[in-house]
1. I'd like to check something: does segment 24-37 contain any residue that is of a type in the set (Phe, Trp, Tyr) and farther than 24 Å from Leu94 by Cβ?
2. Filter segment 46-78 down to the residues that are of a type in the set (D, E, K, R), farther than 26 Å from Trp33 by Cβ and either surrounded by 10 or more Cβ atoms within 10 Å (Cβ to Cβ) or touching a helix residue (DSSP H, G or I) at 6+ places or on another chain (Cβ under 8 Å) (or both) and list them by number.
3. When you go through Phe16, Phe88 one by one, which is the residue that is touching a Leu at 6+ places or on another chain (Cβ under 7 Å) and at pLDDT 95 or above?
Amino acid sequence: MNTQETISEIARRLPFLHRRDVRDVIEVLVELWQAELTKPDGQVRLTGLGKLYVETHTLKASGIIRQKLLEKHGRAAPRTILRRVLRFSPSDKLLIAMKMSTDGETDDE
């Protein structure tokens with residue numbers, strides 16, 4: 001489901017809201033979540049859905065990565081690099097819903 005589909009579905013379920021108003025709310029949510037996820041320990045928790053967060057790892061630059069950094073920056077090449085990983089941890093409620101939606105299905109279907 002993309003942004004437009006989400007806006008359409010919300011507007012359909014809440015007919016007293018205009019699509020423009022729903023779009024504005026979605027835009028504000030995205031701005032808030034982006035700001036939160038750029039913080040060092042930022043996370044977005046949504047009841048019934050789960051937690052979205054960013055992990056930051058400091059890695060030693062070695063091998064081909066180190067070579068590429070030396071080519072690009074010369075002696076000023078950093079010895080470490082930061083890797084940011086976006087993670088999602090589903091809520092128990094979502095996990096149960098997912099299990100219920102796949103009960104009875106097999107890999108052959």
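The values are calculated or read from the model by the stated rules, or taken from the named source; none is laboratory data. Everything numeric here is computed off the predicted structure, so don't read it as measured data. Counting neighbours? That spans all protein chains shown, and the Cβs are built from the backbone with ideal geometry, glycine included.
1. No, every residue in segment 24-37 fails to be of a type in the set (Phe, Trp, Tyr) and farther than 24 Å from Leu94 by Cβ.
2. Correct list: Lys60, Arg66, Lys68.
3. Phe88
A quick yes/no check of all residues on (1) assigned to a loop (DSSP other than H, G, I, E, B); (2) closer than 30 Å to Asn2 by Cβ; (3) among the basic types (Lys, Arg):
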| position | (1), (2), (3) |
| --- | --- |
| Ile26 | no, yes, no |
| Glu31 | no, yes, no |
| Leu52 | no, yes, no |
| Thr56 | no, yes, no |
| Arg66 | no, no, yes |
| Glu71 | no, no, no |
| Ser101 | no, yes, no |
